[in-house]
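Below: one structure, written as structure tokens.
We did not get these values from a lab; they are worked out from the coordinates using the rules stated. It should be emphasised that the depicted structure is a prediction, and the values quoted were computed from it without experimental measurement. Note: ideal-geometry Cβ built from the backbone for every residue, glycine included; neighbour counts use all protein chains shown.
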Amino acid sequence: MSFDSLGLAPALLRALADYGYTQPTPIQAAAIPPALAGHDLLAAAQTGTGKTAAFALPLLQKLSTSGQTMTRRPRALVLTPTRELAAQVHENLRDYGKQMQVSATTIFGGVSMGPQINALRRGVDIVIATPGRLMDHMQQRTLDLSAVETLVLDEADRMLDMGFLPALKRILVALPKKRQTLLFSATFAPAIKTLAMEFMHNPREISVSAPNAVATLVSHQVHPVDASRKRDLLLHLLSADSRRQSLVFSRTKHGADKLVTFLNASGLRSAAIHGNKSQNARTRALSDFKSGRVTVLVATDIAARGIDIEQLPIVINFDLPSVAEDYVHRIGRTGRAGMEGLAVSLVSHDESGLLFDIRKLLKQDIAITPIAGYEPSAPLRLDAGAPRPKQGGGGGGQRQSRPPRQGKPAGSARPSGYAPQGRGDHAAGNQRRRSNSRPAAKA
């Protein structure tokens, strides 16, 4: 099957050809025709399968063929959980729609609202936004959603996971009832189904992967190690190829900063991305990572969403995630677009229970390979009663005095610009921590 057979406009086909895209991925082949036909979609697919193009291409075609209107109000709204993902979607829309007269802008926290307000006043066809900052604009009456014809919920499961459900419901109520809604998620978790039943009209269901599936081209390795020696083992692994781009996950923001300090002092060019970093610092870190000026990017869990780095060879879990589904999100940054990838986890004895949860979720064994000179003093336990970290974690196995707080994202091979830290976004993250509720998550 080729893109020519999906009913896409010549301008879109030319843009795809310019970027070397000739054959659609399974989610694109399944989602584009019904989206072009105007149906609501409830679509699920694992990470790295081209979900952005699956909604961006029909969205651009619909806007370009429906004719320009005299209104300056946006005709399409794309909601994403993070700033990085919003920027990535914006970049993709620009690439695919470069031969079309369709305008788009991003709205997210962590930056001044002034330029966003000016862009909205000038008029724009597509708004790509994070829920919190969008709510800010709605409350200040700087955004009019009454002309929205198409709504896209990208990575809806993650938005629910981050506590954005109340904001989503307020936004959905403010939209015209007569619209097309395209919801993309890693899974059809009960919370996703409930949201779809409440706000969608007879959606077509599309699923091209099993729940919590990971890319088949990703190899998994676990290296058991004492918590006190994790940093040394990480340095050993990274130093084996200091020019290789490596994405390292820490469970906490403080732990991420400590790792970067350690790695830079050891001669490895490193940078951290998390919620305590300024927008400029995050953008600079992503740009440096993509350009190769930085070879190690240390991120917290929310950074698993919105990173789109071409040919990223390796993801290293310095700390295992507290929730097993986040392992899928993390390693989904490698093994993309047909490329092989490697997922390495450094696991201490007190993380044995987390490893048990991950293996159970994936329904597969993960090779456990001690590294000579870094063998642990106690073996890992692989049973349901295996120990788990009590509090904190990260940063070389040292405990923190309070429960871990999730950080924010990392980069994209193309765009940059990130996630919840505007008033609304940050508040939603806090709500998630208070409610402690997590639906099944995604890629």
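Within region 120-152, report the trypsin sites (Lys or Arg not before Pro) that DSSP leaves as loop and that have at most 14 other Cβ atoms within 10 Å. When the trypsin sites (Lys or Arg not before Pro) of region 120-152 are filtered for loop state and at most 14 Cβ neighbours within 10 Å, ARG141 remain. The base-10 log of I(q)/I(0) for region 138-296, evaluated at q = 0.21 Å⁻¹, reads -1.28 [Debye formula, identical scatterers on Cα atoms, solvent excluded]. When both region 228-281 and region 124-187 are represented by their alpha-carbon centers, they are found 34 Å apart. If you sort the three axes of the alpha carbon gyration tensor as a ≥ b ≥ c, you get a/c of 1.5 or more for region 233-273 and a/b above b/c, which makes it prolate.
Full extension of the chain segment joining ARG293 with ARG122 gains 57.9 nm, where the gain is 0.36 nm per residue of separation less the Cα-Cα distance.
Decide, for region 33-153, between rounded, prolate and oblate: order the square roots of the alpha carbon gyration tensor eigenvalues as a ≥ b ≥ c, take rounded if a/c falls under 1.5, and otherwise choose prolate if a/b is larger than b/c, else oblate. Oblate, since a/c reaches 1.5 and b/c is not below a/b. The Stokes-Einstein estimate for region 237-303, based on a Kirkwood radius over Cα pairs and taken at 37 °C with 0.692 mPa s viscosity, is a diffusion coefficient of 281 µm²/s. Apply the Debye scattering formula to region 3-207, with a single equal point scatterer on each alpha-carbon and no solvent, then give log10 I(q)/I(0) at q = 0.09, 0.16 Å⁻¹. At q = 0.09, 0.16 Å⁻¹ the computed log10 ratios are -0.30, -1.04. Kindly list the residues of region 220-243 that lie in the label zone of GLU375, defined by a backbone N under 15 Å from the point 7 Å along the Cα-to-C-beta vector. Hits in region 220-243 for GLU375 at 15 Å: 224-226. Extension gain for ARG73-ASP383 works out to 106.0 nm (0.36 nm per residue, less the C-alpha to C-alpha distance).
Taking 19 Å as the cut-off, the amide N atoms of region 258-280 that come nearer than this to a point 7 Å along the Cα-to-beta-carbon line of ARG94 belong to 279-280. Placing dummy labels 7 Å off each Cα toward the beta-carbon, the span from ASP232 to GLU340 is 3.1 nm.
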